[in-house]
Amino acid sequence: MTLRLDIGSCSQAGIKAINEDAVATCLPDNALVLSTKGALAVLADGVSSAEAGREASQLATSGFIDDYYKTPETWTAEHAGRKSLTTLNLTLYKKSHEFIQEEKGYLCTFSGLIIKSRTAHTFHLGDSHIYHLHSHQLHLLTTDHTVSIGKGKRILARALGMDSQVNPDYANVPVTVGDQFLLTSDGIHDFLSPDQIKDTLMMAASAQEAADQLVKQALTHGSDDNISAVVVKVIGLPDTTLEDYSHELTRLPFPPELSTGMRIDGLEILEEIFASARSQLYRVRDVLSGDVMVMKTPSRNYEEDVSYIDRFIQEEWIGKRINSPYVVKVATQSQPRRFLYYLMKPVTGISLEQWMQENPLPKPRRALRLVLQIAQGLKDLHRYDTIHQDLKPANIMVSPDDRITLVDFGSVFVAGIAELYHPLQHEGALGTATYSDPHYLLGRNTGRRGDLYALATITYELFTGELPYGEAISDCRTGFDYDRLRYQPASQYNPIIPIWFDRALEKGVAIGLDERYDTIDHFIKDLQHPNPDFLRDVPTTGNTRSTVAFWQILSGFWMILLILIVTLFSCQGPSG
């Protein structure tokens, strides 16, 4: 037998003009997803005084379900739920601070229920409720996060989006056939007694009828708030528990040495694409569907390294979360896994590293088109509070028609999960010395500006064939070493590069954060349009006047050329 549930929900504004509650449920049709991830029911109650409570509750319910099912099946329900709530909370918190002057906050309570195998997992923040009806007894599984402010009034002490960090209550209870679970907003449980709730659940013929009746009764009993209920009835359960299976799944063995013709979990190995000390890539074919994909396997050198294993598993989740035409896509597994690996959709072409060897000093129009795509890929990552941290030509693929794809999530950090703005806890930096921000390599993560530094370094190399600080940067080990570096003007390697373009590159790769760009958009803007500030300190006396005139003419030519490139790029897209 498999997990079988009857789920019903109802959410109404009640006597209020706007419904700031939100409910959502998911009972996967796919048997594999249902067995490994389970079913979901969530309820959020927007904080009306925060001005954006309705938007917050809607984002919380839909966002949690979407993110949870993208987590690897190798994660436990608790781990996946906490990770999803952490990223969701940070999203709401940042949106609140965008409107701080308008006092517009994205705050809501949150109650989530995951039923996986024969266990129910609950996550809770605020004063909404989760009940469990078992053997004719109604149990409240949650505790309100409120504090008294006197005169019978209480306010929320914890809510989703209230702080940059979140600590939801988590609990799990065993499930038996006939059990019922109920999620309610305070518009119901503040106006109906536990006995009234229990009687309604026991008498209703279906979950939907129970949800509708609870909402109707709350209105009858004078509810003056939004009214929402989600009811889950357990109809059938798997014959055996998944706890042992889940335990094994989170500790899957590393795959054996693979070779052409071997099969693993219904996947045929076609060829080895790449191998390093940290991982291997294989081109594989799904025997049933015929789909060709890329399999990434961990290196057996790290079988005892818990941090490495956790990071490898996290790569799959990150890949599933990012939706961008410039970032490699993680493929969905069609069959259960017996080994630790994950699948990606294939990317055609060669690495940017090889591309630059085959195309030294490409035409400015072509080089800039690649830079714009890399920049957009990074911005798409940043939109999900994700930092690449190891951007380099070897991790960028270029298709035959010059389309860019960012690959390799091995060094990626996600804000709110990896302590993004705190010193790294890993032994040694994971980035590459030639392209990574020196601050990162010295143990300080500079977030998005670290990715910007790598982008500017790659841009410099595309236009010059060299590195902005030469090969000496690879030998730097301390802050003093980096202080001794001196930027090499790009024009000395490529004389057609104008002053304003060169100085944009110099600012992009500045060692000091105060001297570097704050955003990718500002860097790209200065690459496309001459910044007058970069010409103000150019000498204008003596023999330099003719030189300045030459650069001004050349800069004007570049400006016209780049405007044409941007216009063409925006009209035709990356393949134009």
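The values are calculated or read from the model by the stated rules, or taken from the named source; none is laboratory data. As the structure is a prediction and not an experimental result, all values here were calculated from the model. Every residue, glycine as well, gets a Cβ built from its backbone with ideal geometry; the counts of neighbours run over all protein chains shown.
Values as computed for the structure displayed
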read-out: Which numbered condition His121 misses (of (1) surrounded by fewer than 19 Cβ atoms within 10 Å (Cβ to Cβ); (2) modelled with pLDDT of 95 or more); value: (1)
read-out: Enumeration of residues in region 74-98 that are in a loop (DSSP other than H, G, I, E, B) and under 14 Å from Ile114 (Cα atoms); value: Trp75, Thr76
read-out: Residue list for region 40-92, filter: of a type in the set (A, V, I, L, M) and touching a Cys at 6+ places or on another chain (Cβ under 7 Å); value: Leu40, Ala44, Val47, Ala56, Ala60, Ile65
read-out: Residues of region 136-186 satisfying the condition of being touching a residue at least 60 places away in the same chain (Cβ under 8 Å) and farther than 30 Å from Met203 by Cβ; value: Leu156, Ala159, Leu160, Gly161, Met162, Asp163, Ser164, Gln165, Val166, Pro168, Tyr170
read-out: Thr61 being surrounded by 20 or more Cβ atoms within 10 Å (Cβ to Cβ), closer than 20 Å to Phe181 by Cα, outside the structural domain of Asp385 (by TED's automatic domain parsing) and without any contact (Cβ under 8 Å) to a residue 60 or more places away in the chain; value: yes
read-out: Filtered residue count, region 220-239, keeping only those that are surrounded by fewer than 24 Cβ atoms within 10 Å (Cβ to Cβ) and touching a residue at least 24 places away in the same chain (Cβ under 8 Å); value: 12
read-out: Qualifying helices (runs of 4 or more DSSP H) (wholly inside region 430-497; at least 2 residues being modelled with pLDDT of 80 or more, within 24 Å of the chain's Cα centre (by Cα) and more than 25 Å from Ala277 (Cβ to Cβ)); value: 448-464
read-out: Residues of region 140-162 satisfying the condition of being surrounded by fewer than 13 Cβ atoms within 10 Å (Cβ to Cβ) and modelled with pLDDT of 90 or more; value: Thr143
read-out: Which listed residue is surrounded by fewer than 19 Cβ atoms within 10 Å (Cβ to Cβ) and on the phi < 0 side of the Ramachandran plot, from Asn395, Asn359; value: Asn359
read-out: Residues of region 179-238 classified as in a helix (DSSP H, G or I) and among the acidic types (Asp, Glu), total; value: 5
read-out: Pair list, Cβ under 9 Å, 6 or more apart: region 91-112 residue over 21 Å from Phe64 (Cβ atoms), other residue modelled with pLDDT of 75 or more and among the polar types (S, T, N, Q); value: Lys104/Ser96
read-out: Region 18-32 residues that are farther than 15 Å from Gln335 by Cα, paired with ones that are part of a loop (DSSP other than H, G, I, E, B) (beta carbon under 7 Å, 6 or more apart); value: Asn19/Ala13; Asn19/Asn226; Glu20/Asn226; Asp21/Ser185; Asp21/Asn226
